[in-house]
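Notes follow once the structure below has been shown.
The values are calculated or read from the model by the stated rules, or taken from the named source; none is laboratory data. In this text, all values refer to a predicted model and were calculated from it rather than measured experimentally. No Cβ is skipped: glycine too gets one built from the backbone with ideal geometry, and neighbour counts run over all protein chains shown. Please note that ligands, DNA and RNA were not included when accessible areas were found on the heavy atoms of the full protein model with its side chains. Shrake-Rupley method; radii C 1.70, N 1.55, O 1.52, S 1.80 Å.
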Amino acid sequence: MIHRRTVTTHVHGPAARAGWFLLYLEALLVPLVLTWLSLGPDDLKAGEAVALSLGLVAFSALVVAVILPARVSPLIAAFGIETILRIHRSIAKTATILVLLHLLAVLIEDPRGFSIFNLAHTTWAARAATCSTVALLLLVVLAITRPSRQPRYEGWRLVHNALAWIVLLTAWMHVWWLRHLMSMPLLAAWFFGTGLLVLALTVRRWLWLPLQARRRSYLVEEVRREPGDGVTLTIRADRHPGVPFNAGQFAWLKFGSTAFVFEEHPFSISSTAVRPHRKQFTIKALGDFTELLSALRPGRRVFLDGPYGGFTIEGHNGSAGFMMIAAGVGITPMLSMLRTLADRHDPRRHWLIVASRTADEMMLRPEIEDVRRRLNLKVVEVLSKPDPNWTGEVGRISTDLLTRHLPRNPSHLNYFLCGPAPMVHAVSHELAARGIPLRRIHTERFGAA
């Protein structure tokens, strides 16, 4: 039975990203403006004004850093999860610098000096500020040293989230206990509104989304080993018509008896969007979680949080066709797009360039061949270390290779690039240099966790 329901495709172009950036600036500057509107010209000395300004902007940056990973669908569609995580890290570092500058300004201006750190005899506002600063510094140090320490992902994620909420809660209490700030109606309304927003997103993230996932759970149907050290997981909806999605999107997966388990990981859906009751995920074994997937047995319950992402063919019906360029496990969202196009009997001409190290490591070749027979599709395989009998393309996705395979009017196509960041970066710049409009180049990078 074919289900033709689709999900809304949020706008995810430059205009959407510009809108989010303006909203970010507003979040940083509004409390500052409200404070200065509430204060008279003689209420603060210059040093106090600098300390207050730094503190307000630092608090706003902390709020934004916490909100970014809260799985807001339009935000993920606009930037992609990899970019959001990079922005999250950058804003967290910026907030840390602002907090330290705020602390330095307070020490210079406050006549109590370093005695404000005497927790036994200081104010509750100072205690909250000290707790927030220490937790923030610990959080940043643990994040920066994570690559060298290589902790288990689940343990690190638990500590990271706990510290983040300690930082934000104690920072909010610091402002609350500074009564002279909370006595300003405009500023008090802003802080209470901010607190309610963060609380609502927290409830949605940790209560509402798991409840939705429990109501629309799936069961494992098949687990199949794939060339290139991969695993294809097939799941089917349990007593519901399936969660609709757009081809190219991804979802977080949880396994266990409850949707409230902490461990979860994001994977691109590789199956057709025409039949959402049956989903496939092809996953490369890169860590403990993916290696354990091969041990799953049919009937195991799976909870799905999604779909997310704006890396999708939806909304591009006016395109003359699609050129998809993938490396490694980046083929998975492309296969979902191609299968969906084939099931819709799309008549346009499409191209797929897929790169791998060797032919044996190239993922999903039989599935690609199957969809090629059902679609007007040209497939170009590129191997960096081929065997002597290989007759296809050799090396990497280079300028010369693109020259050989780009159509006569390349600016009429939409381009989808997915794989390691260096490949995506290089190919997207090469396409832009050839005059392809940026609005027609869609990218998804793998590797940020």
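Under the classification rounded if a/c is under 1.5, otherwise prolate if a/b is larger than b/c and oblate if not, where does segment 182-300 fall, given a ≥ b ≥ c as square roots of the Cα gyration tensor eigenvalues?
Note, shape of segment 182-300 comes out prolate.
Can you give the angle from 0 to 90° between the axis of helix 124-144 and the longest principal axis of the chain, with both taken from C-alpha atoms, to the nearest 10?
Roughly 30 degrees, rounded to the nearest 10.
Just to be sure I understand: with springs between alpha-carbon atoms less than 10 Å apart, which residue in 246, 376, 389 has the highest mean-square fluctuation in the Gaussian network model of the chain?
389
Let me check against my output: what whole-number percent is the relative contact order of segment 38-110, with C-alpha pairs under 8 Å and at least 6 apart?
Averaging sequence separation for qualifying contacts and normalising by length gives 52 percent for segment 38-110.
Taking only protein heavy atoms and a 1.4 Å probe, what accessible area per residue, in Å², does the chain have with all protein chains in place?
Computed with neighbouring chains in place, this is 48 Å² per residue.
Can you work out the Karplus-derived ³J(HN,Hα) for every residue in segment 178-194? Use 6.51 cos²θ - 1.76 cosθ + 1.60 with θ = phi - 60°, whole Hz, and x for glycine or proline.
Result, rounded to whole Hz: 7, 4, 5, 7, 6, 7, 8, x, 5, 5, 4, 4, 4, 5, 5, x, 4.
Taking amide H positions as placed 1.01 Å from N in the peptide plane, with prolines and chain starts having none, which residues 5 or more places from residue 416, or on another chain, fall under 5 Å of its amide H?
The answer is 323, 324, 325, 442.
Once you keep just the Cα pairs under 8 angstrom separated by 6 or more residues, what percentage relative contact order results for segment 131-194?
So the answer I get is 39 percent.
What ³J(HN,Hα) values, in whole Hz, does the Karplus curve 6.51 cos²θ - 1.76 cosθ + 1.60 give for segment 61-75 when θ = phi - 60°, with x put for Gly and Pro?
3J(HN,Hα) across segment 61-75, in whole Hz: 5, 4, 4, 4, 4, 6, 6, 3, x, 7, 6, 8, 4, x, 5.
What residues have an amide H closer than 5 Å to that of residue 300, excluding those fewer than 5 places away on the same chain, when H is modeled at 1.01 Å from N in the peptide plane?
HN-HN under 5 Å from residue 300: 220.
Of the listed values (1) 25.2; (2) 31.3; (3) 19.7, identify the label whose number matches mean projected area of the Cα convex hull in nm² calculated from this model.
It is the one labelled (1).
Which cross-chain or sequence-distant (5 or more) residues have an amide H under 5 Å from the amide H of residue 282, H modelled 1.01 Å from N in plane?
When sequence neighbours closer than 5 places are left aside, the close amide H contacts are 233, 270.
Once the other residues with Cβ under 12 Å from the Cβ of residue 159 are scored (Lys, Arg +1; Asp, Glu -1), what is the net sum?
Net charge in that neighbourhood comes out at +3.
Hey, what did segment 120-241 get for relative contact order, percent, Cα under 8 Å, at least 6 apart?
Once normalised by length, the contact order is 20 percent.
Return the lysines within reach of residue 279: Cα separation strictly under 19 angstrom, same-chain partners fewer than 8 residues apart disregarded; answer none if there are no such residues.
254
Pick out, from 364, 188, 30, the residue whose Cα sits farthest towards the positive end of the charge dipole of the chain, with +1 on the Cβ of Lys and Arg and -1 on the Cβ of Asp and Glu.
Working it through, the farthest residue towards the positive pole turns out to be 364.
When DSSP assigns beta bridges and you keep just the ones with both residues in the chain, what percent turn out antiparallel, to the nearest 5?
Counting only bridges with both partners in the chain, antiparallel ones make up about 50 percent.
How would segment 319-434 be classified by its alpha-carbon gyration tensor: rounded, prolate or oblate, with rounded meaning a/c under 1.5 and the a/b versus b/c comparison settling the rest?
Note, shape of segment 319-434 comes out oblate.
Give, as a single signed number, the net charge of other residues whose beta carbon lies under 14 Å from the beta carbon of residue 385, with Lys and Arg counted +1 and Asp and Glu -1.
Residues close to residue 385 contribute a combined charge of -3.
How many angstrom lie between the Cα centre of segment 149-210 and the Cα centre of segment 411-432?
Answer, in whole Å: 37.
Using the Karplus equation 6.51 cos²θ - 1.76 cosθ + 1.60 (θ = phi - 60°), what ³J(HN,Hα) coupling, rounded to whole Hz, does each residue of segment 235-249 give in order, writing x for Gly and Pro?
Values per residue, Gly and Pro as x: 10, 10, 5, 9, 6, 7, x, x, 8, x, 8, 9, 4, x, 7 Hz.
Under 10 Å, Cα contacts only: if you run a Gaussian network model on the chain, which one of 149, 372, 225 comes out with the highest mean-square fluctuation?
149
Answer rounded, prolate or oblate for segment 14-88, using the Cα gyration tensor with square roots of eigenvalues a ≥ b ≥ c: rounded when a/c is under 1.5, else prolate when a/b is larger than b/c, else oblate.
prolate
Mind checking which of 184, 334, 363 has the largest fluctuation in a GNM of the chain, springs on alpha carbons under 10 Å?
For the chain, modelled as a Gaussian network with Cα springs under 10 Å, the answer is 184.
Straight-line reach from residue 385: which lysines fall under 26 Å, measuring Cα to Cα and dropping same-chain residues less than 8 apart?
Within reach: 284.
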